[in-house]
């Protein structure tokens, strides 16, 4: 009889783990591509499917930022401006998501809401990339460990949505 031993536990993230910023940038790229696909289509069915995917991606993304990333950087950076501003921006994004989820694409107003959502997201992403991420990179935060926690939470949230 062979006894299988449990592999030793380690606190290090796997070698292929993304750091927190790489994970967030990958999410930004995914959503940007989805918005670009939306702009190219005239099919109501395709628009509805793309918006559902955009809303799901953004909902999960904002949640992992608010639950894990922002609290960590608020503490590490002793931030009193970047995180509150980003949280307010999330509020505007969430409001538009609520107006779009489960709604049939019905013309100009629907398209305008998607366009404004894309503009809000683009503005938010630009600020994160140019203001927040450089400060986070310069901090003492363990971005790989933070990224691993975020990836785990993201997987759990996506599984719950499907």
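The values are calculated or read from the model by the stated rules, or taken from the named source; none is laboratory data. Remember, predicted model here, so these are calculated numbers, not experimental data. Cβ atoms come from the backbone with ideal geometry, glycine included; neighbour counts cover every protein chain shown.
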Just one of (1) at positive phi; (2) crowded, with 18+ Cβ neighbours inside 10 Å trips up residue 107, so point out which.
-> (2)
Does residue 127 satisfy being closer than 24 Å to residue 78 by Cα and at pLDDT 95 or above?
-> yes
Determine whether the range 74-92 contains at least one residue that is more than 30 Å from residue 141 (Cβ to Cβ) and either modelled with pLDDT of 95 or more or surrounded by 12 or more Cβ atoms within 10 Å (Cβ to Cβ) (or both).
-> no
Cβ pairs under 9 Å, 6+ apart or interchain, first in the range 113-130 and without any contact (Cβ under 8 Å) to a residue 24 or more places away in the chain, second surrounded by fewer than 19 Cβ atoms within 10 Å (Cβ to Cβ) and outside any helix (DSSP H, G or I), ordered by first then second residue, are 113/103
Expected output for the range 75-93 (first residue farther than 26 Å from residue 51 by Cβ, partner outside any loop (DSSP other than H, G, I, E, B), Cβ below 6 Å, 6+ apart or cross-chain) is 77/135; 82/132; 83/70; 83/74
Of the residues 159, 148, which is out of contact with any strand residue (DSSP E or B) (no Cβ under 7 Å at 6 or more places or on another chain), in a helix (DSSP H, G or I) and either crowded, with 18+ Cβ neighbours inside 10 Å or touching a residue at least 12 places away in the same chain (Cβ under 8 Å) (or both)?
-> 148
Answer yes or no as to whether residue 13 is surrounded by 17 or more Cβ atoms within 10 Å (Cβ to Cβ), more than 19 Å from the chain's Cα centre (by Cα) and either modelled with pLDDT under 95 or over 16 Å from residue 120 (Cα atoms) (or both).
-> yes
